[in-house]
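Undergrad: Have a look at this one.
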Amino acid sequence: MMQTNDSITTLKGVGAKTTALFSKLHIETIGQLAAHYPREYDHFEAPVPVQELVPGKVMAVCACVVGAPSLVHVRGMAVVHANVADQTGGMRLTWFRMPYIKNSLQPGRFYVFRGMVKCSAQRTFLMEHPGIYSAEEYDRLSGVWQPRYPLTAGLTNNLISKCMRQIVQQLETKDYLDLEQRSRYHLLPFGEALQKIHFPQSMEDAAQARRRLVFDEFLAFLVQIKRQKLINEQMIVDFPLQPVEDTDRLLEALPYRLTGAQQRVWREIENDMQKHVAMNRLVQGDVGSGKTILAFLALLLCAANGRQGCLMAPTEVLAAQHFEALAKMAQTYGLCVCPVLLTGSMTGRQKKEAYEKIASKRANVVIGTHALIQEKVVYRDLALVVTDEQHRFGVQQRRKLAQKREGIAGQDGDGREGADSVHVLVMSATPIPRTLAIVLYGDLQVSVLDERPANRLPVKNCVVDTSFRKKAYAFIEAQVAAGRQAYVICPMVEAGEMEGLENVLDYTEKLRGVLPATIRVDMLHGRMKPAQKRQVMDDFAAQKIDVLVSTTVIEVGVDVPNATVMLVENAERFGLAQLHQLRGRVGRGKEQSFCIFMTGDGSGAKNKRLDVLNRSNDGFFIANEDLKLRGPGDLFGIRQSGDLEFALGDIYQDCDVLLAAGELADQVLLGKVVLPKEEMGLFQEGIDYRTI
């Protein structure tokens, strides 16, 4: 039998080359591969005549290749076009960066083509990157639910499927829930859930499997959260901070006045930091509500008391942005703040210099990413930890950072956890309904910023289908001509990850071919190295890039006031809360900004969920509407920004599962339910539930 910590090299067909490809997806063990869940499922329906195709749907058609396919090069990109037809009509097919397609299609021969159906302005049916099958191949796939996995270049869906079949047949699985508990919460046995999430016989199978695995994720998270709450109540601060004039002087010198909500929350933070019990406060504010200045004020209060503070951001781009903003503010207003930046992509020499500044206390504010919790970082008199967009960090990471004082994590001289602890301030722009926030942030006191600065114009929105794309491009061109910049958001990095969805690599090349050559188009996505991502964002901020094609990697905190347009492709596949987060990247300057939500399923303005974004710019209203409108829907959509990086769970779609897991977590802490020491399910490793 296989074990979760076995290497993937134990699988038949996985050699050194395949192992290297899997490592790009951070997969090294059997357990990690088993948790590499499908993005979606393909159900191969029977081919239909051309005249029965429906735009916005993935469909198959059996058609004959008419004439020889053509190969052209558009700014260095190979583009293959082919015309096909049956007795009812014709259509045009296109493949980007796949020149070999030209010679693989034989004129006069029938194939089955399957892909997302689109319609041109001339009412001609189109497909981009359709799959090509012989009639026999397609017959074998018909009626079967095929898992579609996240891929990387060189790794095929077929190979992953073969590996998964070995795993579900040979992996030793344990179930921490007994029959009574599974029955109470309507959950499958774990082993059955693992088999059905990868190879369901129906969508009902997949939904039931997903529910069980989501329950496991939520329960593991909530047990930690509730245990942390008990620890927080015992965290003592031996040297409370004192009020300082520095913060008052900064507030008077700023070129704007804080909103009433900002003033109220600042008083709450200031009062917390003067107490003997460590602050554990969440500041939850909508996009653009002014959270960053509150974090800077708290760090200034800390520095003015002769103590050290740190701010951990989820990305290097955002960490660098915070560092530059605070350094500029310190110089402009003469603040007693000496910041230093610490990120993973810095050179060894740069890191060494940063370590020395931190250890010697020449730097009293440290800003960075996960590099802040590395063992080499030794703080001196650390009093405050700020985490930005906390849902990006696990509870253990946040705890580890909060416990770093004088380089000793989590214990005082007597070995008592929590003594002489530090204040923790958590910042989040994710609008989460109160019913869910109480569960998700049970270890924190919550402050809400429910006002926006008065000088910002609300973003103008529109929801359209792909027939509007030509007008959208013309609008972007006009905005760039006026000196502005634009974002285009695609759900995928490259072709093949999910059927029928736009991807950054191909879309960037497409835009370069459609827009005038004078418009500078570049791309950004999560697979790029941190230094590359930062360089792209620096170039965009410096107006060296006019149009940035990106995945949702830009959703967190990036601030480019000159960007006035955002076009979101396949908007129907995102959660409303995430779309609102993305929209927050525009409207940050004085100029009017615009957001175009383009649907790829033909729903356009008829989409009820997206219409909420048309009607409101209030993130908390949108989050509550998202909670009401999200039904079973897609089992696997684009990850929500508020998901706390769960592998499957979505706090909106799965709110009932979240509340059920919270109930069981309470029972665990009260001692009414005893969970075994072994890991929950397969993948919640390193948690000993008997210590709770």
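The values are calculated or read from the model by the stated rules, or taken from the named source; none is laboratory data. Keep in mind that this is a model prediction, so the values were computed, not measured. Neighbour counts run over all protein chains shown; Cβ positions are idealised from the backbone, glycine included. All accessible areas refer to the heavy atoms of the entire protein, side chains included, with ligands and DNA or RNA removed. Shrake-Rupley method; radii C 1.70, N 1.55, O 1.52, S 1.80 Å.
Undergrad: Take the residues of the range 62-101 that are charged (D, E, K, R) and modelled with pLDDT of 95 or more: which is nearest to LYS118 (Cα to Cα)?
TA: By that ranking, first place goes to ARG92.
Undergrad: Among the listed residues VAL66, VAL80, VAL84, VAL61, identify the single one that is over 31 Å from the mean Cα position of the chain (by Cα), surrounded by fewer than 19 Cβ atoms within 10 Å (Cβ to Cβ) and not aromatic (Phe, Trp, Tyr). Working first, answer last.
TA: Numbers: VAL80 fails: surrounded by fewer than 19 Cβ atoms within 10 Å (Cβ to Cβ); VAL84 fails: surrounded by fewer than 19 Cβ atoms within 10 Å (Cβ to Cβ); VAL61 fails: surrounded by fewer than 19 Cβ atoms within 10 Å (Cβ to Cβ).
When all the criteria are applied, what remains is VAL66.
Undergrad: Looking only at the range 183-210, which residues are in contact (Cβ under 8 Å) with a residue 12 or more places away in the chain and over 30 Å from THR10 (Cβ atoms)?
TA: TYR185, HIS186, SER202, MET203, ALA207
Undergrad: Another one. Regarding PRO55, is this residue outside any strand (DSSP E or B), free of Cβ contacts under 8 Å to residues at least 40 places away in the same chain, under 35 Å from the mean Cα position of the chain (by Cα) and farther than 30 Å from VAL168 by Cβ?
TA: Details: outside any strand (DSSP E or B): yes; free of Cβ contacts under 8 Å to residues at least 40 places away in the same chain: no; under 35 Å from the mean Cα position of the chain (by Cα): yes; farther than 30 Å from VAL168 by Cβ: yes.
So PRO55 does not fit the description; no.
Undergrad: From THR347, THR343, THR430, THR387, which residue is β-branched (Val, Ile, Thr), modelled with pLDDT under 95 and surrounded by fewer than 16 Cβ atoms within 10 Å (Cβ to Cβ)?
TA: Every option except THR347 fails the conditions.
Undergrad: If I ask for residues that are out of contact with any Gly (no Cβ under 7 Å at 6 or more places or on another chain), part of a helix (DSSP H, G or I) and acidic (Asp, Glu), which ones from the range 187-235 would you list?
TA: Correct list: GLU192, GLU204, ASP205.
Undergrad: Can you name the condition, by its number, that GLY56 falls short on among (1) under 27 Å from LYS529 (Cα atoms); (2) surrounded by 19 or more Cβ atoms within 10 Å (Cβ to Cβ)?
TA: With (1) under 27 Å from LYS529 (Cα atoms); (2) surrounded by 19 or more Cβ atoms within 10 Å (Cβ to Cβ) applied to GLY56, the lone miss is (1).
Undergrad: Here is a further query. Of the residues in the range 322-358, how many are out of contact with any helix residue (DSSP H, G or I) (no Cβ under 8 Å at 6 or more places or on another chain), within 22 Å of THR247 (Cβ to Cβ) and assigned to a helix (DSSP H, G or I)?
TA: Number of matching residues: 7.
Undergrad: Taking the options VAL657, VAL668, name whichever one is at pLDDT 75 or above, open to solvent by less than 30 Å² (accessible area, probe 1.4 Å) and within 24 Å of TYR41 (Cα to Cα).
TA: Going through VAL657, VAL668 in turn, just one is at pLDDT 75 or above, open to solvent by less than 30 Å² (accessible area, probe 1.4 Å) and within 24 Å of TYR41 (Cα to Cα): VAL657.
Undergrad: Within the range 32-44, take every residue that is of a type outside the set (A, V, I, L, M, F, W, C), touching a Lys or Arg at 6+ places or on another chain (Cβ under 9 Å) and in a loop (DSSP other than H, G, I, E, B) and give me the one that is most open to solvent (accessible area, probe 1.4 Å).
TA: So the residue we want is ARG39.
Undergrad: Shifting gears a bit: Being under 28 Å from PHE621 (Cβ atoms), in contact with a Pro (Cβ under 6 Å, 6 or more places away or on another chain), of a type outside the set (S, T, N, Q) and touching a residue at least 60 places away in the same chain (Cβ under 8 Å) is the requirement here; does ARG573 meet it?
TA: yes
Undergrad: Then there is this: Take the residues of the range 595-632 that are touching a helix residue (DSSP H, G or I) at 6+ places or on another chain (Cβ under 9 Å) and small (Gly, Ala, Ser): which is modelled with the highest pLDDT?
TA: Looking at residues that are touching a helix residue (DSSP H, G or I) at 6+ places or on another chain (Cβ under 9 Å) and small (Gly, Ala, Ser), I get SER616.
Undergrad: Restricting to the range 359-373, give me the number of residues that are surrounded by fewer than 20 Cβ atoms within 10 Å (Cβ to Cβ) and touching a helix residue (DSSP H, G or I) at 6+ places or on another chain (Cβ under 9 Å).
TA: 2
Undergrad: Would you point out which residue out of ASP238, ASP286 is at pLDDT below 95 and open to solvent by less than 20 Å² (accessible area, probe 1.4 Å)?
TA: ASP286
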